[in-house]
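Working notes, beginning with the structure itself.
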Amino acid sequence: MDLLHSAGVQVVQYLQENYQGSQDWFLFISFAADLKTTFFIFFPIWFHLCEAVGVKLIWVAVIGDWLNLVFKWILFGQRPYWWVHETDYYGNASTPVIQQFLLTCETGPGSPSGHAMGSAGVCYVMVTALLPCTRGTRHGSCAARCRRGLLWLVFWAVQVCVCLSRVFLAAHFPHQVIAGVISGMAVAEAFRHIPSIYNASLRRYLGTTLFLFSFALGFYLLLKALGVDLLWSVEKAKRWCDRPEWIHIETTPFAGLLRNLGILFGLGLALNSQMYLESCKGKMGQQLPFRLSCIAASLLVLHLFDSFDLPTDRELLFYVLSFCKSAAAHLCAVALIPYCIAQVLRRGDKKIL
């Protein structure tokens, strides 16, 4: 592995030396590839335009990120920004100098890349949802093939940018981002064959949430009892990050887990609520002005939730509040906001009559 890691460090150095002018672009790509973009931007748009795609986005993102956490705990992957300081591979030779940036100091293990895995899974869902729109009057027509080819070209362009971004920032080695892309596509493809997610009951959502949390916590406690600390990477991040303020509690393994589970539970609670049934499932739910109003209001409200900072001085409290905040945000986006808009539009129609 040292040989693979050293080759990866050379790639990091090459990108940082030759593409320093693209630093802002790589930072933007890395920021945009975070699953928060899916949860707070892509999801409300897709859900109110095509509910099935929105639901699949959440399931793929949550299950994919949960699998990513389990893989990271099993593989014990290093990250470039701390590996260069701790390895004996270079012996008496000088240690390679690699830069760190605002988004470099992730605290979880490095393999596979969560950004690459999440981006690949989410983009795969969106591309496959758009593929039927590319069909012309003749399925095999040249225009239809070109449109499909363009969609996949955009997909792979996004994945290449995400991979280069994570390597440039010294957050991942090249083999870790490649593994992330493959894993993300595999998760998204698997959910193409699980139609039960579209009409899952609240009991199914609750059971899934409890299972995912119990498995992760049980796995962590079991290995800890055996003397294996699965949070070993947090200490390395704190030791080797250039700036302590670049380390955020949001990047710790359990922070992402509780955030995602809160979103999944909030979605299940909303889809099985009376507010959702009276608004989105009624005649008004088929009207484009209603859907566009829901998108605009949901984006605004989710942005407000996202901008609300939680106290970070007590870790356990942060995790609990993160779960509640995520659940409440998506309960609002899926059920409360459409219900309120539907009530306003109905009153407007009555006044006109």
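The values are calculated or read from the model by the stated rules, or taken from the named source; none is laboratory data. Because the structure is predicted, anything quoted here is derived from the model rather than measured. Cβ: placed from backbone, ideal geometry, glycine included. Neighbour counts: every protein chain shown. Quick note on the areas: whole protein, heavy atoms, side chains included, nothing else; ligands and nucleic acids left out. Shrake-Rupley method; radii C 1.70, N 1.55, O 1.52, S 1.80 Å.
Among the numbered conditions (1) over 25 Å from Pro80 (Cα atoms); (2) in contact with a Gly (Cβ under 7 Å, 6 or more places away or on another chain), the only one that Phe173 does not meet is (1). Against the numbered list (1) open to solvent by less than 10 Å² (accessible area, probe 1.4 Å); (2) of a type in the set (S, T, N, Q); (3) within 19 Å of Ile182 (Cβ to Cβ), Thr128 comes up short only at (1). Are any residues in region 210-226 open to solvent by less than 50 Å² (accessible area, probe 1.4 Å) and modelled with pLDDT under 95, and if so, which ones? Correct list: Leu223 only.
Among the residues of region 254-269, are any in a loop (DSSP other than H, G, I, E, B), open to solvent by 10 Å² or more (accessible area, probe 1.4 Å) and either out of contact with any Phe, Trp or Tyr (no Cβ under 6 Å at 6 or more places or on another chain) or modelled with pLDDT under 95 (or both)? No; the residues of region 254-269 include none that is in a loop (DSSP other than H, G, I, E, B), open to solvent by 10 Å² or more (accessible area, probe 1.4 Å) and either out of contact with any Phe, Trp or Tyr (no Cβ under 6 Å at 6 or more places or on another chain) or modelled with pLDDT under 95 (or both). Answer with yes or no whether Leu299 is free of Cβ contacts under 8 Å to residues at least 24 places away in the same chain and either surrounded by fewer than 21 Cβ atoms within 10 Å (Cβ to Cβ) or outside any helix (DSSP H, G or I) (or both). The answer is no for Leu299. Residues considered: Gln13, Gln78. Of these, the only one that is more than 27 Å from Tyr205 (Cα to Cα), at pLDDT 95 or above, not in a helix (DSSP H, G or I) and not charged (D, E, K, R) is Gln78. For Val167, the conditions (1) of a type in the set (Val, Ile, Thr); (2) open to solvent by 20 Å² or more (accessible area, probe 1.4 Å); (3) in a helix (DSSP H, G or I) all hold with the exception of (2). Checking each residue in region 86-105 for being within 30 Å of Phe215 (Cα to Cα) and open to solvent by less than 30 Å² (accessible area, probe 1.4 Å) picks out Thr104, Cys105.
Checking Trp73, Trp83 one by one, the residue that is over 15 Å from the mean Cα position of the chain (by Cα), part of a helix (DSSP H, G or I) and buried (at least 22 other Cβ atoms within 10 Å of the Cβ) is Trp83 and no other. Of all the criteria given as (1) under 30 Å from Arg203 (Cα atoms); (2) at pLDDT below 90, the one not satisfied by Lys350 is (1). Quick check: is even one residue across region 310-319 of a type outside the set (D, E, K, R), open to solvent by 70 Å² or more (accessible area, probe 1.4 Å), within 27 Å of Asn68 (Cα to Cα) and free of Cβ contacts under 8 Å to residues at least 12 places away in the same chain? Checked region 310-319: at least one residue is of a type outside the set (D, E, K, R), open to solvent by 70 Å² or more (accessible area, probe 1.4 Å), within 27 Å of Asn68 (Cα to Cα) and free of Cβ contacts under 8 Å to residues at least 12 places away in the same chain. Applying the condition of being out of contact with any helix residue (DSSP H, G or I) (no Cβ under 9 Å at 6 or more places or on another chain) and open to solvent by 50 Å² or more (accessible area, probe 1.4 Å) to region 141-155 and asking which residue is farthest from Asp2 (Cα to Cα) yields Cys142.
The single condition among (1) open to solvent by less than 10 Å² (accessible area, probe 1.4 Å); (2) in a helix (DSSP H, G or I); (3) more than 20 Å from Gln10 (Cβ to Cβ); (4) not small (Gly, Ala, Ser) that Pro112 does not meet is (2). Being part of a helix (DSSP H, G or I) and either within 20 Å of the chain's Cα centre (by Cα) or among the polar types (S, T, N, Q) (or both) is not true of Leu221.
With the condition kept exactly as written, say whether any residue in region 26-35 is outside any helix (DSSP H, G or I), open to solvent by less than 20 Å² (accessible area, probe 1.4 Å) and either touching a helix residue (DSSP H, G or I) at 6+ places or on another chain (Cβ under 9 Å) or touching a residue at least 24 places away in the same chain (Cβ under 8 Å) (or both). Checking region 26-35: at least one residue is outside any helix (DSSP H, G or I), open to solvent by less than 20 Å² (accessible area, probe 1.4 Å) and either touching a helix residue (DSSP H, G or I) at 6+ places or on another chain (Cβ under 9 Å) or touching a residue at least 24 places away in the same chain (Cβ under 8 Å) (or both).
Among residues of region 181-209 that are modelled with pLDDT under 95, none has a beta-carbon under 7 Å from a residue that is assigned to a helix (DSSP H, G or I) and open to solvent by 60 Å² or more (accessible area, probe 1.4 Å) at least six positions away or on a different chain.
No other residue among Gly227, Gly268, Gly256 is more than 30 Å from Leu345 (Cα to Cα) and within 24 Å of the chain's Cα centre (by Cα) apart from Gly256.
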